[in-house]
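The values are calculated or read from the model by the stated rules, or taken from the named source; none is laboratory data. Note that this is a predicted model, so its numbers are computed, not measured. Neighbour counts are summed over all protein chains in view; Cβ atoms, including those assigned to glycine, are modelled from backbone coordinates with ideal geometry. Areas reflect the complete protein model, heavy atoms only, side chains present, ligands, DNA and RNA absent. Shrake-Rupley method; radii C 1.70, N 1.55, O 1.52, S 1.80 Å.
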Amino acid sequence: MDIVLSSGFLAFARHIGFRRACIEKGIEVTGICGTSSGSVVGALWANGCSEEDMIDLLHVPRPLDVIDFHWQIWKGAFQFHTFKERLRSVLPSRIEDLPIPFGVGLCTMDRQAIMVTEGNLVDAIAASCAVPYMFCPMPFEGAFYQDGGFADRIGVKQWKAVRSNQTEPLMAHIIDRSNGVANEEGLEGVSVVRTPRSFASLFSMGDFVGQIEEATILTQEQWPQSNG
């Protein structure tokens, strides 16, 4: 089964809880794509990281402590140097080096949605998480990009195009919208699980463990839910 993980501001715990439910169901993951926070958890998942390792990496007391101020504040108040180094400590250099197919949803500077499946992995993730105005646009393979959720929060349509020759079923984990576009395209025939926003902030991740547990339960209750 291919997995799609939506954007959701600092919603790492929601995706980890969804992943836990998938593992408990014993599904074989054949490919993953993610946008914004979904790209972070998706890359760790695709790389075979354990839940414990994900929590150690992503459950920080204050997210503000793992990002950096950007001196050209008119382009965005923050950038991702520190967080990128944390990701590089556990992830391979390139997207295509991951053990299973992986895609990252990006937003171009003219607000077009694209899905990348090759290139610098950590740079792609950072670009996918770069919320406009909060973060400066981030570089990936010679161009600058913004948070993928500002063009397509889910990425199903782009992932279907990437995987057009595949026959695996597709499941999307969609976190309730906090920002980005509201439209949801390409969900026909896709199993969908929905979980609430994390309501995390740059000053606190909130009840991280509780969010994981809630997302696990909600995934179990909704399994499977199909559109179309």
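A compact table of results
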item	result
Among the candidates GLY210, GLY206, residue that is under 24 Å from PRO63 (Cα atoms) and assigned to a loop (DSSP other than H, G, I, E, B)	GLY206
Single residue of region 127-152 satisfying the filter (open to solvent by less than 10 Å² (accessible area, probe 1.4 Å) and touching a Ser or Thr at 6+ places or on another chain (Cβ under 7 Å)) that is nearest to THR82 (Cα to Cα)	SER128
Which listed residue, of ALA172, ALA143, is free of Cβ contacts under 8 Å to residues at least 40 places away in the same chain and among the hydrophobic types (A, V, I, L, M, F, W, C)	ALA143
Filtered residue count, region 1-12, keeping only those that are among the hydrophobic types (A, V, I, L, M, F, W, C) and either open to solvent by 10 Å² or more (accessible area, probe 1.4 Å) or modelled with pLDDT under 95 (or both)	4
Subset of region 189-203 (residues that are β-branched (Val, Ile, Thr) and part of a loop (DSSP other than H, G, I, E, B))	VAL190
Only one of GLN211, GLN166 that is open to solvent by 80 Å² or more (accessible area, probe 1.4 Å), touching a residue at least 60 places away in the same chain (Cβ under 8 Å) and not aliphatic (A, V, I, L, M)	GLN166
Selected residue (criterion: surrounded by the most Cβ atoms within 10 Å (Cβ to Cβ)) from residues of region 13-40 that are in contact with a Ser or Thr (Cβ under 9 Å, 6 or more places away or on another chain) and within 17 Å of ALA124 (Cα to Cα)	GLY38
Members of region 138-182 that are aliphatic (A, V, I, L, M), over 17 Å from THR117 (Cα atoms) and not in a strand (DSSP E or B)	ALA151, VAL181, ALA182
Pair list, Cβ < 9 Å and 6+ apart or interchain, from region 178-203 residues that are under 21 Å from GLU168 (Cα atoms) and touching a residue at least 40 places away in the same chain (Cβ under 8 Å) to residues that are among the small types (Gly, Ala, Ser) and buried (at least 20 other Cβ atoms within 10 Å of the Cβ)	LEU187/ALA172; VAL190/ALA172; VAL193/ALA21; VAL193/ALA172; VAL193/ALA215
Some residue of region 46-58 being at pLDDT 95 or above, closer than 20 Å to ARG153 by Cα and either assigned to a helix (DSSP H, G or I) or open to solvent by less than 20 Å² (accessible area, probe 1.4 Å) (or both)	yes
Identity of the residue in region 59-98, in contact (Cβ under 8 Å) with a residue 60 or more places away in the chain and assigned to a loop (DSSP other than H, G, I, E, B), that ends up farthest from VAL29 (Cα to Cα)	GLN72
Residues of region 175-208 satisfying the condition of being open to solvent by less than 20 Å² (accessible area, probe 1.4 Å) and on the phi > 0 side of the Ramachandran plot	GLY180, GLY186
Any hit, region 69-79, residues being open to solvent by less than 10 Å² (accessible area, probe 1.4 Å), under 24 Å from SER178 (Cα atoms) and touching a helix residue (DSSP H, G or I) at 6+ places or on another chain (Cβ under 7 Å)	no
